[in-house]
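The values are calculated or read from the model by the stated rules, or taken from the named source; none is laboratory data. All values reported here derive from a predicted model rather than from experimental measurement. Every residue, glycine among them, receives a Cβ derived from its backbone with ideal geometry; neighbour counts consider all protein chains shown.
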Amino acid sequence: MQLTKFLDKPRWAADLDLLGPHVRPGALAWALLLGGALAVVAMGQRRSDLEEREQRAQAQYEHAQRLQRALLNRTRTAAAVQAASAPGVVPAADARSLQAAARLAARLSHPWAEVFSGIEQAADGVALLRLDHDADSGIVQIDAAVRDDQAAWQFVEALAADGERFAEAELTERQPLDPPQGEFGLRVRVQVRVAERRSVPPASAIAPPAARVAVPASAASAAAKGGR
């Protein structure tokens, strides 16, 4: 009896029960729990939607930036093309092309018939081998075969004497032909400078000025005395 009494829960222990009496949760508690869970799910879905909208907005912004850069590059290209086609503005490549075309035009417009005629007239007993003309300097290189040194100098002198077509003539190279070609034993190179073309002056410029006769002082004095 005493042992059973000792094992029974004392009253002071029941007073110290901090958990209190066990109460089953009611329907309101379950409703609050379910509402909280639904709120958490709704907030997660809303956050996902916001992130998706943000990604779409970022993609649209980047696409707009790419379009803006492409439009800017196209505008710059159009401005460069317009500036290149404007009068007075010539790119470097076009300038070189124009210079080459000008040199070609100078070669084509040169009075080659007169040059060839003058060379053929001077080439008496000379076999012409090659002609090379520089339009920029007006120099013609003539390779020819001659009999001997005397024939070579006669050819140079005949070219130099033609002042209407050639400004100067010079023998620059001389070498023997090996083997000789018939009567020709030397190969020479002659350099001539083509005379500049002069436009025909008007008739007023060709007409000579009025003649002026210089009379010595002694003759003038004698004529004055005779008149008295």
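Could you grab me the full set of residues in region 83-105 that are modelled with pLDDT under 65 and in a helix (DSSP H, G or I)?
83, 84, 85, 92, 93
Restricting attention to region 163-199, and to residues there that are among the basic types (Lys, Arg) and within 41 Å of the chain's Cα centre (by Cα), which single residue is farthest from residue 150 (Cα to Cα)?
The selected residue is 198.
Tally up the residues in region 152-173 that are in contact with a strand residue (DSSP E or B) (Cβ under 8 Å, 6 or more places away or on another chain) and buried (at least 18 other Cβ atoms within 10 Å of the Cβ), please.
7
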